[in-house]
Amino acid sequence: MELLRKKVIDEGIVLSNQVLKVDSFLNHQMDPVLMKEVGKEFTRRFADQEVTRVLTIESSGIAPGIMTALELNVPLIFARKQKSLTLKQDIYVEKVFSFTKQESNEITVSKKFMKPTDRVLIIDDFLANGEAAFGLARIVEQAGATVVGIGIVIEKSFQPGRQLLLEAGYRVESLVRIAALDNGTVNFVEE
Ligand code: 5GP
């Protein structure tokens, strides 16, 4: 997606050879025009999938998630991150290791929002090791629903998430793919 690629080049800050900061348009300040286009692009890519729910994780997945849900005309659910839980009756819970915080969180979704008939599109801002995407997919599967695909705004293709998700049989659509973050610059996968 050319508009997004340009934004990453112009505003992305390479924090290390592992981490890209995009707080001017996605992770802190958000660019609604860009997010609208992101929603349209995911909708175009998954148009044939009869999506009934979009699922993301708080908080950075919410902007691309809600714009995609708006375009698809379906609800967005965002999984909540919680430290540890005592009452687990009415919720689906999965453990997810956070790449940015380097700690485990429990993520939860209320059972009332996902049914076995649902066809769920998972959306997230970044893909690194695939922890968040796998955790969300396990929640969909706990509900007996179907994961129709995983849409990622920025994929770091040098980390193993994409490969692991493909091997597990998921369809992955990433709007930009980063081959490396070396010497303070972003190198994209040539497609
Ligand atoms: P994964 O779960 O695939 O290992 O990592 C993806 C999650 O970690 C995303 O939800 C995102 O919030 C965060 N993340 C991973 N890598 C980066 C990065 O380079 N920059 C930012 N801002 N977030 C990242």
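The values are calculated or read from the model by the stated rules, or taken from the named source; none is laboratory data. Values in this document were obtained by computation on a predicted structure and should not be read as measured data. All Cβ positions, glycine included, derive from the backbone under ideal geometry; neighbour counts span all protein chains shown. These area figures cover heavy atoms from the full protein model, side chains too; ligands, DNA and RNA do not enter into them. Shrake-Rupley method; radii C 1.70, N 1.55, O 1.52, S 1.80 Å.
Observations on the structure shown:
- Dipole magnitude of region 1-148 about its Cα centre (Cβ charges: Lys, Arg +1; Asp, Glu -1), debye to nearest 20: 340
- With 26 Å as the limit, the listed pairs LYS6/LYS156; LYS81/LYS112; LYS6/LYS81; LYS6/LYS36 have LYS6/LYS81 beyond it between alpha carbons.
- Cα-based shape type of region 1-102, given that a ≥ b ≥ c are square roots of the gyration tensor eigenvalues and the cut on a/c is 1.5: oblate
- Looking at region 42-113, the GluC sites (Glu not before Pro) that sit in a DSSP loop and have at most 13 other Cβ atoms within 10 Å of their own Cβ are GLU50, GLU58.
- Subtracting the Cα-Cα distance of ARG171 and SER104 from 0.36 nm times their residue separation leaves 21.6 nm of extension gain.
- Rolling a 1.4 Å probe across the protein heavy atoms gives the chain an accessible surface of 50 Å² per residue.
- Per-residue surface analysis assigns MET35 an accessible area of about 10 Å², computed on protein heavy atoms at 1.4 Å probe radius.
- Low-density loop positions, trypsin sites (Lys or Arg not before Pro), region 1-92 - DSSP coil, at most 10 other Cβ in 10 Å: LYS83, LYS88
- Region 19-108 - percent of accessible surface contributed by carbon and sulfur, probe 1.4 Å: 50
- Rounded, prolate or oblate (a/c below 1.5 giving rounded, otherwise prolate when a/b exceeds b/c) for region 99-152 by Cα gyration tensor: oblate
- Helical contribution to [θ] at 222 nm, DSSP H n ≥ 4, -39,500 (n - 2.57), averaged over the chain, rounded to 500: -8500 deg cm²/dmol
- Compactness check for the chain: Cα Rg over 2.2 N^0.38 Å is 0.98.
- Rg ratio (alpha-carbon, reference 2.2 N^0.38 Å) - region 66-140: 1.13
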